[in-house]
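One structure below.
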Amino acid sequence: MCNITSRCPRYLGTNIKKNGFTNYLKPCHKCKDCKYKFVDKGQEWFISPDKKVLIKRLLLERISLRGICRVMDISMKWLLQFIKEIYRELPDDLNCKINLKKVKHNDRYYIKLAVN
């Protein structure tokens, strides 16, 4: 058994072993009992619903996207995907389709809205 202080998130077992690394060089583990693969403290990477509400409010305040990323400690890629999700939740009776693209201009990223 590996000398790891964590437990299996599924069955809380301690019979776990090392199982390589993720693409971001985080150590992976595997439970020997239930064969579940996991990353130690992996749930800390997810954005909480409270934080998502705050990000929505910051988007309404005309703060730059890069500033929101710095303050909320999130990536630009995640923020742009979140904005796409917000637009998908809009009602269909707007009679338009919105396409979002990330555009780089002069070392800055912008969101390009294309209305069809």
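Read-outs throughout are calculated quantities, based only on the coordinates presented, and are distinct from any laboratory measurement. The structure presented is a predicted model; accordingly, all values stated were derived computationally and were not measured. All Cβ positions, glycine included, derive from the backbone under ideal geometry; neighbour counts span all protein chains shown.
Worth a mention:
- Length gained when the stretch ARG7-ARG66 is fully extended (0.36 nm per residue, less Cα-Cα span): 17.6 nm
- A full extension of the chain between ASP73 and ASP33 corresponds to an added length of 10.8 nm, given 0.36 nm per residue minus the alpha carbon distance.
- Per-pair calculated FRET efficiency, R0 = 30 Å: LYS26 and TYR87 via Cβ, rounded to 0.05: 0.45
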